[in-house]
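The values are calculated or read from the model by the stated rules, or taken from the named source; none is laboratory data. Computed from a prediction, not measured in an experiment: that's the story for all the values here. Here the Cβ positions follow ideal geometry from the backbone for every residue, glycine too, while neighbour counts run over all protein chains shown.
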Amino acid sequence: MKPRVFAKRDIKKVRLGKGLSQGRLAELAGVSRQYLCDVENRKRNVGPILATKISEILGKPYQELFFVQDIDSRKTLIDNCKG
């Protein structure tokens, strides 16, 4: 299974610090405002191209704004903790 890329909790803070509305960042990134809202609230994952584009627009390194969740690794970790 492919890893999923999610926004960290502070992406909204960075966006606001740059003086960008959700609508403006969405426009610059080429997505809808609702899609960006879902990304900021971690309801949607993003691909590496969009994550890189958002990072560049906000002037922050990719790793500061996004994290990768490898579903297979997480499942293995959970299974190991059970027993």
Has the stretch 18-33 got any residue that is at pLDDT below 95, assigned to a helix (DSSP H, G or I) and of a type in the set (D, E, K, R)? no
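Sort out which residues of the stretch 1-17 are over 14 Å from the mean Cα position of the chain (by Cα) and assigned to a helix (DSSP H, G or I), and write them in order of number. If you could, list the steps in order and put the result at the bottom.
First, the residues of the stretch 1-17 that are over 14 Å from the mean Cα position of the chain (by Cα): 1-2, 16-17.
Within the stretch 1-17, Leu16, Gly17 meet the criteria.
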Residues of the stretch 31-49 classified as of a type in the set (Gly, Ala, Ser) and closer than 17 Å to Tyr62 by Cβ, total: 1
Taking the stretch 34-70 and the residues there that are farther than 19 Å from Leu16 by Cβ and in contact with a Pro (Cβ under 7 Å, 6 or more places away or on another chain), the one that is modelled with the lowest pLDDT would be Asp70
